[in-house]
Amino acid sequence: MDNIRTGEVRRQTKETDIYIKVTLDNKGACDIDTGIGFFDHMLTALSVHSGISMTIRVKGDLHVDCHHTIEDTGIALGQALGQALGAKSGIVRYGTFYIPMDESLAMASLDLSNRPFLVFNCDFTNQSCGGYDLCMTEEFFRAFAFNSGMTLHINLLYGSNDHHKAEAVYKAVAHALKEAVRFSGDGKTLSTKGVL
């Protein structure tokens, strides 16, 4: 497979203006600015640990709150990932990973199946980390999964520090994704139906 897998999305609404480019085979270089420092930190972890290069530029209505910025970023990032994966032929398709972050432990399991679904079992103690509302973690991953055609299960097994818990979640998804987008070597679609 010599083709570099890329996806590029521009999404403009009355609430957000988003540009995203992803490259699946480029070692996780990233250039991220959403206007929300903690969210930038999480997306950087998602990029670096998945090995997926991401350019993410977002201008959102942060004077309202962070909701539209985070959810719409998930939508556009999911669309860009789906575009980069194309027909998804020849990929491993599945990925599961556990990530410890100090006292926290998170697990993510995913299937790039074209059957979007999210199971999200994560409890946070506080309302926010910086300008990032922790309840938006679920909204981000729902938008990301549904717009990329991914079945995604996320379980936060335990933890006490919300920063650590959120970071463990993002990194677990990143490593599961890194496994799933890998080429299997035979170029075939991993499905009894022959297509996804």
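Computed from the coordinates by the stated procedures, all read-outs in this text should not be read as laboratory data. Since the structure is predicted, the reported quantities are computational estimates derived from the model, not experimental observations. Quick reminder, even Gly has a Cβ in these numbers, built from the backbone with ideal geometry, and neighbours come from all protein chains shown.
I want the local charge near Gly159. Using Cβ-Cβ distances under 11 Å, sum +1 for each Lys or Arg and -1 for each Asp or Glu among the other residues.
-4
Mind checking the angle between helix 67-85 and the chain's longest principal axis? C-alpha axes, 0 to 90 degrees, to the nearest 10.
That helix lies at roughly 10 degrees to the long axis.
Alpha carbon centre of region 82-149 versus region 1-55: separation in Å?
After rounding, the separation between the Cα centres reads 15 Å.
First check a/c for region 33-148, with a ≥ b ≥ c the square roots of the eigenvalues of its C-alpha gyration tensor; if it is under 1.5, answer rounded, and if not, answer prolate when a/b is larger than b/c or oblate otherwise.
In terms of gyration-tensor shape, oblate.
Expressed as an acute angle from 0 to 90° and rounded to the nearest 10, what is the orientation of the C-alpha long axis of helix 136-148 relative to the principal long axis of the chain?
Roughly 20 degrees between the two axes.
Amide H to amide H under 5 Å from Gly131: which residues, 5+ apart in sequence or cross-chain, H placed 1.01 Å off N in plane?
Gly37, Phe38
Most mobile of Phe124, Phe39, Phe144 per a Gaussian network model of the chain (Cα springs, under 10 Å)?
Evaluated over the chain, the most mobile residue of the options is Phe124.
Would you list which lysines come within 19 Å of Lys59, measuring only between C-alpha atoms, while excluding same-chain residues fewer than 8 positions from it?
Excluding near neighbours in sequence, the set is Lys14, Lys21.
Students often get this wrong: which residues of region 60-95 have the backbone nitrogen under 13 Å from the point 7 angstrom along Cα-to-C-beta of Glu15?
Only 60-76 pass the distance filter.
Taking amide H positions as placed 1.01 Å from N in the peptide plane, with prolines and chain starts having none, which residues 5 or more places from Phe117, or on another chain, fall under 5 Å of its amide H?
Met150, Thr151, Leu152
Against the longest principal axis of the chain, how steep is helix 37-50, in degrees 0 to 90 to the nearest 10, with axes from Cα atoms?
Rounded to the nearest ten degrees, it is 20.
Under a GNM of the chain (C-alpha, springs under 10 Å), which listed residue has the highest mean-square fluctuation: Lys178, Lys59, Lys88?
Sorting by GNM fluctuation, first place goes to Lys59.
Which one of Arg93, Arg182, Arg142 has the biggest mean-square fluctuation once the chain is modelled by GNM with Cα springs under 10 Å?
Top of the fluctuation ranking is Arg182.
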